[in-house]
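One structure is given here, and the rest of the page talks about it.
The values are calculated or read from the model by the stated rules, or taken from the named source; none is laboratory data. These figures come from a predicted structure and were not determined experimentally. Here the Cβ positions follow ideal geometry from the backbone for every residue, glycine too, while neighbour counts run over all protein chains shown. Surface areas here come from the heavy atoms of the whole protein model, side chains and all, with no ligands, DNA or RNA. Shrake-Rupley method; radii C 1.70, N 1.55, O 1.52, S 1.80 Å.
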Amino acid sequence: MKKWLLALALLGVSAFAEDAAAPVLNSGDTAWMMMSTALVMLMTPIGLALFYSGMTRSKNILNTFAMVFGAFAVSFIAWVVAGFSIAFGTMDGSMNQVIGGFGHIMLSGISWTEFASVDLGQLYPKFVFVVFQGTFAAITVAIVAGSVIERMKFSTWMVFAFIWTIVVYAPITHMVWGGGYLFNEGALDFAGGTVVHMNGGLAGLVLAVLIGKRAGYPKVAMKPASVILTALGAGLLWFGWYGFNGGSAFGANAIAGLAYLTTTIAAAVATVTWIVVEYAVFKKPTLLGAATGAIAGLVAITPAAGFVGVNGAFIIGISGALIAFFGVTALKKKLGYDDSLDAFGVHFLAGLWGAIATGIFAAYTPNTDNALLWSGPLKDAGDRMGQIMVQAESVLVVGLFTLVGTIVVYYIAMALTGGSRINEEQESQGLDESVHGERGFNL
């Protein structure tokens with residue numbers, strides 16, 4: 001009888017130990033990641049849609065909003081169907097350097113009780129991680145729209161957005177974040193300088209060149225419909241960026257707090273920088289310029305937000321605004337491409353600078369706590385120049401993959417929809433009425 005009681009007691013202790021060792025959902029991190037996801041979601045069908053719509057001509061304002069809104073919806077569907085599996089799955093062999101395989105098509109094999117990553121201490125639902133990353137995919141595709149509004153067929157755009165999410169965005173995400181080649185090389189990209197901004201900005205330029213210039217560009221004045229809508233969109237984007245960068249810490253923790261600070265510093269100093277430079281060059285400090293400067297600063301700090309300190313955030317923000325200003329006011333004019341809403345000038349150029357600057361300004365103190373850094377040349381060996389070279393390699397690899405992939409997807413989408421460009425009559429009338437049968441404002 002005593003042996004039986006002792007056995008029961010030991011079983012109870014064993015069960016208690018197993019229960020104690022089992023991971024438990026972290027409600028604070030879960031709430032933060034769900035809130036961050038909502039903030040990033042707000043950035044696309046509201047923030048970016050208003051930002052872009054205000055800059056387009058009044059006859060195309062509704063179509064511009066529809067392209068961004070539609071991109072969010074179709075891209076998220078593509079993400080669930082195959083994008084997440086390719087980005088964050090794993091496969092055997094060398095192909096895992098580029099894609100994560102197809103083991104989670106339609107999110108198969110993922111349980112609603114599964115945590116994001118027990119090994120990394122990310123004890124919130126994996127489905128939340130899926131949605132969070134899906135909002136990143138969606139805004140990347142939507143950024144592309146800024147280069148081709150006012151002349152691209154809506155049907156072609158929607159097909160392009162779906163395919164591009166799977167063929168271009170997901171593999172780049174895997175290479176940088178999902179355990180692929182650049183991740184293994186030690187590339188630092190905290191929240192998407194290469195994955196989101198360089199990727200979306202360059203894809204926009206590629207499409208703009210392939211589809212051709214708008215009728216009358218650059219001889220016909222193409223004034224924005226509403227700078228106020230653009231400024232409102234910029235404010236909402238800045239607000240949502242706290243989820244974008246803060247959420248990339250994957251928990252309610254000190255790194256998220258650092259990302260909050262550096263994000264705010266870079267955006268604020270970039271806004272002031274653009275205003276000052278615009279006044280010095282054109283003698284007019286415009287609201288459109290201030291809004292664009294804020295976005296340039298946010299783009300530039302994105303890859304560095306959780307890696308740099310106050311000084312780095314100031315330098316990255318100021319330089320990001322200057323580089324984007326050059327891209328928007330000088331480079332576009334010199335090269336003659338029609339990047340309608342400056343997706344390339346702001347997102348690609350500021351994102352490129354941010355990616356390189358991350359290696360330059362990432363916080364590192366020899367023989368002390370370097371917990372902010374990910375494994376790479378700087379953290380593992382104190383090799384800052386080696387880290388800068390890895391950052392440059394990431395820029396090159398992402399750029400080449402985006403260039404080739406976007407060209408391929410464009411021609412596929414064009415073939416499936418019988419051409420990519422609206423006809424002359426539609427372009428002259430405006431896409432709001434000719435394509436959608438609606439007006440942005442019935443005044």
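Give just the number: which of (1) hydrophobic (A, V, I, L, M, F, W, C); (2) closer than 24 Å to Trp164 by Cα; (3) outside any helix (DSSP H, G or I) does Val408 not satisfy? Of the numbered conditions (1) hydrophobic (A, V, I, L, M, F, W, C); (2) closer than 24 Å to Trp164 by Cα; (3) outside any helix (DSSP H, G or I), the odd one out for Val408 is (3).
May I ask you to list the residues in segment 183-218 that are farther than 20 Å from Ala324 by Cα and crowded, with 24+ Cβ neighbours inside 10 Å? Selection gives Ala187, Leu188, Phe190.
State yes or no: is Leu443 at pLDDT below 95 and open to solvent by less than 70 Å² (accessible area, probe 1.4 Å)? For Leu443, the condition - at pLDDT below 95 and open to solvent by less than 70 Å² (accessible area, probe 1.4 Å) - is not met. With respect to the conditions (1) over 26 Å from Phe361 (Cα atoms); (2) touching a residue at least 40 places away in the same chain (Cβ under 8 Å), Tyr411 falls short on a single one, namely (2). Taken together, the residues in segment 348-372 that are open to solvent by 10 Å² or more (accessible area, probe 1.4 Å) and either in contact with a Lys or Arg (Cβ under 8 Å, 6 or more places away or on another chain) or under 14 Å from Thr302 (Cβ atoms) (or both) amount to 9.
Considering (1) more than 17 Å from Asn199 (Cβ to Cβ); (2) assigned to a helix (DSSP H, G or I); (3) open to solvent by less than 30 Å² (accessible area, probe 1.4 Å), the lone condition that Asp338 does not fulfil carries the number (2).
Residue check: is Tyr279 of a type outside the set (A, V, I, L, M, F, W, C), open to solvent by 40 Å² or more (accessible area, probe 1.4 Å), more than 22 Å from Ile149 (Cα to Cα) and in contact with a Phe, Trp or Tyr (Cβ under 8 Å, 6 or more places away or on another chain)? Taking the combined requirement at face value, the residue does not satisfy it. Against the conditions (1) of a type in the set (A, V, I, L, M); (2) open to solvent by 50 Å² or more (accessible area, probe 1.4 Å); (3) more than 26 Å from Gly83 (Cα to Cα), Leu229 satisfies every one except (2).
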